[in-house]
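Here the structure is laid out as structure tokens; the discussion comes afterwards.
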């Protein structure tokens, strides 16, 4: 029970961090985004953006944050933003790795029906931009 409470607290903190990352606009704050993104990766996944492919491997400890139902939409938006920032900087390797992580997150079916939200609209809008950019590689 104590472990579950600890994980729940971590998920709440990660949710706050992801919300902060999502709020940053792509463009002028790309460096700021990458700093916070890397801090998040180090804190919750014990890696940096040079090792994003590690998130493609099943790992119970990392997956409880990466694939958590309550964080799914925020994780999707965060990795979409990472793709756009990496592409803006010409770093196609990290963009491709982020895209694969995004696909892994999306492939997990929560089994929970939710009515569409503003976040879903934002995801759909971002998806168009990301897919166009990734198809251009």
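No value in this document is a laboratory result; all are computed from the given coordinates. Fair warning: this is a prediction, and the values are worked out from it, not measured in the lab. Here the Cβ positions follow ideal geometry from the backbone for every residue, glycine too, while neighbour counts run over all protein chains shown.
Quick look at the numbers
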{"quantity": "Residue exposure sequence - 117, 92, 17 - by fewest surrounding Cβ within 10 Å", "calculated": "117, 92, 17"}
{"quantity": "Residue order, fewest to most surrounding Cβ atoms within 10 angstrom, among 33, 65, 115, 79", "calculated": "115, 65, 33, 79"}
{"quantity": "For region 1-107: relative contact order, % (alpha-carbon pairs under 8 angstrom, 6 or more apart)", "calculated": "30"}
{"quantity": "Between 0 and 90°, nearest 10: helix 30-40 axis offset from the chain longest Cα axis", "calculated": "20"}
{"quantity": "Within a Gaussian network of the chain (alpha carbon springs, distance under 10 Å), most fluctuating of 20, 73, 81", "calculated": "20"}
{"quantity": "Rough spin-label spacing in nm, given labels placed 7 Å along Cα→Cβ, for residue 11 and residue 47", "calculated": "2.2"}
{"quantity": "Cα-based Rg of region 1-110 normalised by 2.2 N^0.38 Å, two decimals", "calculated": "1.02"}
